[in-house]
Structure formats: C-alpha cells, structure tokens
1. Considering (1) under 20 Å from the mean Cα position of the chain (by Cα); (2) more than 30 Å from Glu253 (Cβ to Cβ); (3) crowded, with 19+ Cβ neighbours inside 10 Å, say which one Thr367 fails and leave the rest.
2. All but one of (1) under 26 Å from Asn465 (Cα atoms); (2) surrounded by fewer than 16 Cβ atoms within 10 Å (Cβ to Cβ) hold for Val588; state the number of the condition that does not hold.
3. Which one of these is over 16 Å from Lys544 (Cβ atoms), touching a residue at least 60 places away in the same chain (Cβ under 8 Å) and crowded, with 19+ Cβ neighbours inside 10 Å: Gly429, Gly454?
4. Taking strands (runs of 3 or more DSSP E) that do not extend beyond the stretch 3-111, which have at least 1 residues that are free of Cβ contacts under 8 Å to residues at least 60 places away in the same chain and surrounded by fewer than 20 Cβ atoms within 10 Å (Cβ to Cβ)?
5. Can you pull out every residue in the stretch 279-316 that is charged (D, E, K, R) and either farther than 26 Å from Thr173 by Cβ or not in a strand (DSSP E or B) (or both)?
6. Which pairs turn up if I take residues in the stretch 273-302 that are free of Cβ contacts under 8 Å to residues at least 60 places away in the same chain and within 22 Å of Met231 (Cα to Cα) and look for partners that are assigned to a strand (DSSP E or B) and of a type in the set (Asp, Glu) with beta carbon separation below 6 Å, at least 6 apart in sequence or on another chain?
7. Looking at the structure I just gave you, is Glu563 buried (at least 16 other Cβ atoms within 10 Å of the Cβ) and closer than 29 Å to Ala421 by Cβ?
8. If a residue must be more than 27 Å from the chain's Cα centre (by Cα), in a helix (DSSP H, G or I) and among the hydrophobic types (A, V, I, L, M, F, W, C), how many such residues does the stretch 469-495 contain?
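The values are calculated or read from the model by the stated rules, or taken from the named source; none is laboratory data. Remember, it's a predicted structure, so these values are computed and weren't measured experimentally. With ideal geometry, Cβ positions are generated from the backbone for all residues, glycine too; neighbour counts draw on all protein chains shown.
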Amino acid sequence: MTIDLEKIIEDFLSSRENIKKRAIVCAGTGCVANGSLKVFNTLVDAAKELGIDAHIELKKENSGSFFSKSGCQGFCQNGPLINILPAGILYTKVKPEDAKEILEKTVKNDELIERLCYRSGDTICKGQEEIPFYQKQYRMVLKQCGIIDPENIREYIANGGYLAAKKACMQMTDKEICDVVLESGLRGRGGAGFLTGRKWDITRKQEGTKKYMICNGDEGDPGAFMDRSVMEGNPHSVIEGLIIAAKATGADEGYIYVRTEYGLAVERMNKAVKDATDIGILGDNVFGSNRNFRLHVMEGAGAFVCGEETALIASLEGKRGMPLPKPPFPAQSGLWGKPTTINNVETLATVPLIINYGALEFRKIGTENSTGTKTFALTGNVVNTGLIEVPMGTTLRHVIFDIAGGVTDDEDKIKEDNFKAVQIGGPSGGCLTKEHFDLPLEFESLKKVGAMVGSGGLVVMSKHNCMVNVSKFFMQFTQNESCGKCVLCREGTKQMLLMLTDITNGKANEETLVLLERLAKAVMAGSLCGLGKTAPNPVLSTLKYFRDEYNAHVKEKRCPAEECVNLLSYTIADKCVGCGVCASKCPVKAITGQKGKKHTIDASKCVKCGVCMTSCKFSSVERG
C-alpha cells in the first residue's frame, strides 16, 4: 500500500493542538537503571490523584498535559531527567517523591523548582539552553533522541521522518543517491572511516538481483554507548537510513544486528520495524516505487569480534563469528554469498539528514576530510559524563573542559592538572595526553598520533589512574574477545597480557618492555582482522607517552599513581599516637605495638588492603 506521510503529519499535529504542556521523562538505559520509569509511573498516578488533566497517549479529543518517555537525553551524570515543554525546563536527579511537587508547581503554575535544576557554579540553569553541557554541542543525529517518543512512529513522521526515504525512493536514482552521499563526505562512524557513498557504489555495481543491507549495532567497546542510545532514542532514523541505502545499492532485504545485551535497544528496534511494516513503509512496493524492502532484527551472541564485517555475516548465517580474509569483500560476496553492504548505526542515522538538507549543507559542518558531526560516549573522571555530539574537528580541550566541565580528582576538585590522558576509540584506540588538547578530533589527525576516532568512546583519566593498569584492562578485554583464529592475535594478546600483569605485579625487568613493544608491533602487522591489528594500540600509545610510568614499575618497583596493589607499601609514621585502631581493623594481624606507642606493620604479612590507612584518624599511615 502507498502511505500518505502528509496525512499522518496533519493528524498528529491536530492531536496535540489542545496539549498545553508536555513532560518528557528520559527512558534511556542509564536513566531507566536509575529509576526513571518509576518516576514516570509516579507522575501519572500523582496527576490522577491531584485531578490534573494529563494523558499518556495523544488523541484529538485530549487536552491539558501530555506525559511521554524519550530515549537518552545525554546528560547521564544527572539522571533521571524530566524535560518540560514548552517552558524548556530541565529537572535533574529527579526522584519519585518529587512528582507531586513538579505537578503542583511547574505543570499547574509554571513555577520553577530551583533545587531540581542543574547548577553551573553558582548559576541556576533553567533548561538545556542554559546548561554548558548542551550549549557547547552541535546535535544533529541526537537532536530528536531526547524529545520524541521512540515507540511512536507517527511522532517521528510528524517531525519530518521518512520524507528523505520517500524522496530517495521516488525522485532519485540509485547512482544519484550514491553520488550525493559521496559528495557529502560522510565516512563510516563505526571506526574505519571509509567513505559511505563509495561503499554503496561498489555494491550498486555488482551484478545480481539479490543483495542485502546490514546495520551493525554490535557495539562492544568498553565505555561506548552511542549506537545503543540512537537505537533506543530514535530507531526510525536507522530504519530510514537503511531504506535509502537499500535503494542506492539495490538491496531488497536487510538485517539490524544488535548485541543481545542491549535489551531495550532490541525491544525498540523490533517495535519500530513492526510499526514501519504495519504502516506500509517497509515491505512490498515501498512508497509506491515498485521496490520491496524487508527488514529483520537479529540479536548478536555478545562476541566483540562480531563487530567485524565478515564475522558479523558469519554470525547472521548461524555460524561461529570469525573473520575471513579479504578479498572478496562483502560488497562482492557477503551474506549467503550475495553482495552485501554493512553500515554502522550512526552512519545510517546520518543519511536522512544528508538527503533532506543536501551534501553541500552537510559539508559545512566538520572539516574538509571529516565532515559532519560525531557522537561520543564521555565517561571517566569528568564532572559530567554522558552522550555528546560535536562537529568533526572539535578539540579535546573543548570536549573535556567546555562540555564535560573539567577533570575531577578523588576529592571531586576540578583542576586542569588533574588530567592525565584520554583513551579514545576503546580497545582499538590509543591514549591522548595534554599535548593533544588542541588536536582536532578527526580521522587523519588522530591517525597521525597513533589513535583513532573508533566508534566514539572517550574515557577521561586523572592523575590517579595508572596507565599501565589501563593498558592491561584493555588488553584483558581484547584477549578475552579474540576469536582464536590467528596465532598472532590468539597467543600474542595472551603473552602481552601476561607481561603487563608482571609489570603491575613488580615481576618484570627492562627486557620485558623491549619484548612487549616488539610483540605488540608483530600482532599489529600479522593479525587477520581489525580486532587483532588494533589490539596493541593502547599498549603502544601508553609506552610512547607514559614510558616513565612503565620504567617506574620496572626499575623502581613503584606505581606512581599508587593504583597497582602489589607495588604498594604501608608504613606508620612517627606521629602515631598508639591508639591501636589500625591493629584492631587489620584483617591479617600485620600491625603490632603497645598502647600509647608507635605501631609497626609487618610487610611480610601485609595484604595491602588499605584498611589501616582509612581507619586511622590521625593520618599516621602512609602509602608509597
């Protein structure tokens, strides 16, 4: 059937004509885990109790207020969040017991509840427009994620959704679509950065009537949640991107591959596909174009290696997810031997924007060779963690200090000196230091310093983080996730992990560092797929920028960050008053001494748990 998008837009807009206020509760995974659904339900129940005219569905006969849920609003550090429109009020860290006050003061009387507002220093911020975290961003892909109801296809359409897909299917040829996307300069947001338009064109030129489109939603990097948030917050943007890509490449069937741990994303993608099929956007004769496109959602088995294209295809075919040598590339022989295109979630969600606004408008954002915006999952030792979106080429300084609010230490004090490094690109990426504060975050500049944009994880570390330990953490991850096919990856990552463990345990020597670096370069050169080739990046980048820290572990048997437990030692200073509290708290009875006299710690018994230090009221226990 032919769908009338204009009629749906008209009906939706008329259904909210009498709605005066809207309260949008963030229902992204982070806020849900923090109790936002309970906040939403309490809000609905309290409205009934107070006799407030409120609804959770939009119908023409409804008036008063409308309560809805959204995907991730980005300000994860301060959730649960409630955005109240049209006043533009954002309430942070909302609890169920705040519901009645919000209804009585804000929904009924437009009164601002200052204690629920975000404070930037001494300034009370009313809403997103006044909060630096939002002010300093440029949100395109995420623009609708924290506003629209992700489970309401009609609201997506009412906000211009599927108009780009209709235009592509009805007014553009496959080559024209490829040319526009190529001209826009859009590069894959999954990490590799290959030109999307060129990738599509390769598949387009392949012979055969059966071709496939695949959306790669198997986001497995530690600290990364960009794709998950897009699938949870605006799933139809991904579907629309797939429809456009299918027209461009000649595909008539597609798969959205989502890691099974993303339960909410799986649920919302499934509903979005069903709703788009029921309404006639997916299926036969898409938009009356005489083209068919069917879409399926598949849950991945949780293997990090399935983020690699050929391993993902093997998993879709019911095989063990293991990479294959290239060529042939998936565009030539992919799913079940047919030409196949695989794009990342964020890449596909960007495509409708390009079709709607044009390649030249898109190119105005970002840099010459890295156009558009990029989403980042910002975590670690910063004031405000969360999901952000900035133009390509934005500096690290802008992200950390202007958007995230600065780097904190153990006492939550904000100082530039607290900053030590940023791990960018997850286990496949590298570390950036103070000398990279003004480095543009783009494909070429990051590659030059041994890092990569990757999927978009940004983990900020303070001076209290041990970089050897950080390297060991990422190596542990990649070693666990290696599929085992390549000897260099399978055994090399294992041996690198053992060497890093020896270093943090004080059992390594200078030869260990030489061997570690040689092995890292060998694994990088000889591995089959991207996982193995990039696994040594955290090791090589930390060796390059934090060699002194490695040397301290090896030569002095000391961890400068005081994080590696086996390299710590505890002593009691002369100012000890002999109260005996530390001795009573010690789990292994390693502390002895007479009442009123200085105590001592038996290093041979000490398990370095730190209880003595935390229990001492006189700060007499010292760690070194």
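1. (1)
2. Val588 satisfies every listed condition except (1).
3. None of the others qualify; the one that does is Gly454.
4. Hits in the stretch 3-111: 19-26, 64-70.
5. Result: Asp284, Arg291, Glu299, Glu308, Glu309.
6. Arg294/Glu253
7. yes
8. Adding up the residues that qualify gives 2.
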